[in-house]
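The values are calculated or read from the model by the stated rules, or taken from the named source; none is laboratory data. Note that the coordinates shown come from a computational prediction; the quantities given were computed from them, not determined experimentally. Here Cβ is always computed from backbone atoms with ideal geometry, including for glycine, and neighbour counts include all displayed protein chains. In case anyone asks, the SASA skips ligands and DNA or RNA and just uses the protein heavy atoms, side chains included. Shrake-Rupley method; radii C 1.70, N 1.55, O 1.52, S 1.80 Å.
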Amino acid sequence: MRVLIAEDEYSISDFIKRGLEKAGFSCGQAFDGEAACDMADENEYDLVLLDVMLPKADGFEVMEYIRNKNTPVIFITARSSVQDRVRGLTLGADDYLVKPFEMIELLARIDAVMRRLGRGSKEVKLGDVVLNLQSRMCFRAGEEVKLSGREFDLAVFMMQNANTALFRETIYEHVWREDYMGDTRTIDLHVMRLRKKLGWEERLKTVSRIGYRLNGEK
Ligand code: CA
């Protein structure tokens, strides 16, 4: 799941980013309202965390700009006044969080919003391949395919970042969760296995000098 963090206080933004990444989200950071609009245009996010008091364009203006994208928005505000809440909800924000807050509270709000919208990331799909993140089962055209733990994690990571050329280093650090020491064979072997098991011979491309890219509509 990809989250845009629009927050001008670097320490808070980084605190949110660290916490969300630990929970398995990938994050973009915007430090003013204009940058938030640009990033929302250029990327597809599953959720926007939007500070109300932002330079250049405030959270309400950003909300108006991005609301036609139908991306869920949680406002983050230092101001707990009723007026702000009413205004934000009128504009279509899905929830509020008042600073300061704890990471566990933010994660709970995100979870609640995504479940309410039926967008919980319990499944990842691409083409005829479906991965169930809860049961960790993999299906291709409705038939179960047995994947090892690493193969499953690699498939999830490639599918969540489809159409993006990924460095071997990035892949390794996300999937193996260890520092990459330059050994390409481990990743290459797993990629070969996935190509074979999931019929990704055409989809999972080698990108010269970089690594791999999984092609396809989500
Ligand atoms: Ca602010």
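Please tell me which of these pairs span more than 30 angstrom C-alpha to C-alpha: LYS122/LYS205; LYS69/LYS146; LYS17/LYS146? Can you show the working numbers first?
On the way: LYS122/LYS205 26 Å; LYS69/LYS146 37 Å; LYS17/LYS146 33 Å.
LYS69/LYS146; LYS17/LYS146, as the Cα separations exceed 30 Å there.
Counting only C-alpha contacts under 8 Å and six or more residues apart, can you give the relative contact order of the range 37-136 as a whole percent?
Values: 104 pairs, mean separation 19.7, N = 100.
Relative CO of the range 37-136 lands at 20 percent.
Can you tell me the FRET efficiency between ASN132 and ASP111 if r is taken as the Cβ-Cβ distance and R0 is 25 Å, rounded to the nearest 0.05? Mind dumping the intermediate values first?
Numbers: r = 17 Å, r/R0 = 0.70.
That gives a FRET efficiency of 0.90.
Using only the alpha carbons of the chain, determine the length spanned along each of the three principal axes and report them from longest to shortest in whole angstroms.
Sorted largest first, the three principal extents are 57, 36, 28 Å.
I'd like to check one number: the per residue accessible area of the chain, probe 1.4 Å, reported in Å² as a whole number.
55
Per the Kirkwood formula on distinct C-alpha pairs, the Rh of the range 1-80 is how many angstrom? Working shown, then result.
On the way: mean 1/r = 0.0820 Å⁻¹.
Roughly 12.2 Å, rounded to one decimal.
With a 1.4 Å probe and every protein chain kept in, tell me what percent of the accessible surface of the range 2-116 is carbon plus sulfur.
Numbers: 2820 of 5860 Å².
Ligands and nucleic acids excluded, carbon and sulfur give 48 percent.
Could you work out the local net charge near ASP128, counting Lys and Arg as +1, Asp and Glu as -1, over the other residues with Cβ closer than 10 Å to its Cβ? It would help to have the intermediate numbers written out before the result.
On the way: positive: LYS125, ARG140; negative: GLU143.
Residues close to ASP128 contribute a combined charge of +1.
Provide the gained length on full extension for the span GLU21 to GLU102, in nm with one decimal, where the gain is 0.36 nm per separating residue minus the Cα-Cα distance. Present the calculation step by step, with values, prior to reporting the outcome.
Details: separation 81, 0.36 × 81 = 29.16 nm, distance 1.50 nm.
So the extension gain works out to 27.7 nm.
So what is the relative contact order for the chain, in percent, with contacts set as C-alpha pairs under 8 Å and at least six apart? Walk me through the intermediate numbers first.
Working: 329 pairs, mean separation 27.5, N = 218.
RCO, the chain: 13 percent.
Using only helices, what value at 222 nm comes out for the chain when you add -39,500 (n - 2.57) per DSSP H run of length 4 or more and divide by the total residues, to the nearest 500 deg cm²/dmol?
Numbers: 8 runs with 89 residues, N = 218.
Calculated mean residue ellipticity at 222 nm is -12500 deg cm²/dmol.
Mind checking which aspartates and glutamates have their Cα closer than 19 Å to the Cα of LYS99? Skip sequence neighbours fewer than 8 apart in that chain.
The reachable aspartates and glutamates, counting only those whose Cα sits under 19 Å from LYS99, are GLU7, ASP8, GLU9, ASP14, ASP32, ASP51, ASP58, ASP84, ASP111.
Ignoring ligands, DNA and RNA, please state the percent of accessible area on the range 123-214 from carbon and sulfur, probe 1.4 Å.
Working: 2480 of 5260 Å².
After summing per-atom areas, the C and S share lands at 47 percent.
R0 = 25 Å: FRET efficiency of LEU189 with ALA162, Cβ-based, nearest 0.05? Can you show the working numbers first?
Numbers: r = 21 Å, r/R0 = 0.85.
Step by step, r from the Cβ atoms, then E = 0.75.
So, in nm, how far is label ARG140 from label LEU89 when the simple model puts each one 7 Å beyond its Cα toward the Cβ?
For the pair ARG140/LEU89, the computed spacing is 4.9 nm.
Could you name the aspartates and glutamates whose alpha carbon sits less than 20 Å from that of LYS196, not counting residues in the same chain fewer than 8 places away?
Partners found: ASP128, GLU143, GLU144, GLU151, ASP153, ASP188, GLU217.
May I ask you to give the average projected area over all directions of the convex hull of the Cα atoms of the range 120-218, in nm² rounded to one decimal? Display every interim value, and only then the final one.
On the way: hull surface 24.1 nm².
That works out to 6.0 nm², a quarter of the Cα hull's surface.
If you stretched the chain out fully between ASN70 and GLU34, how much longer would it get, using 0.36 nm times the residue separation minus the C-alpha to C-alpha distance?
Numbers: separation 36, 0.36 × 36 = 12.96 nm, distance 1.85 nm.
Value of the extension gain: 11.1 nm.
Run the simple label-point estimate for GLU42 and TRP176 please: 7 Å along Cα→C-beta, distance reported in nm.
So the two model labels end up 3.1 nm from each other.
For the range 148-206 and the range 81-113, what is the centre-to-centre distance using only Cα atoms, to the nearest Å?
36
Counting only DSSP beta bridges with both residues in the chain, tell me the antiparallel percent, nearest 5.
On the way: 17 of 34 bridges.
Of the beta bridges lying entirely in the chain, close to 50 percent run antiparallel.
Work out how much length SER148 to ILE210 would gain on full extension: take 0.36 nm times their residue separation and subtract the Cα-Cα distance, in nm to one decimal.
Details: separation 62, 0.36 × 62 = 22.32 nm, distance 2.46 nm.
Between SER148 and ILE210, full extension yields 19.9 nm more.
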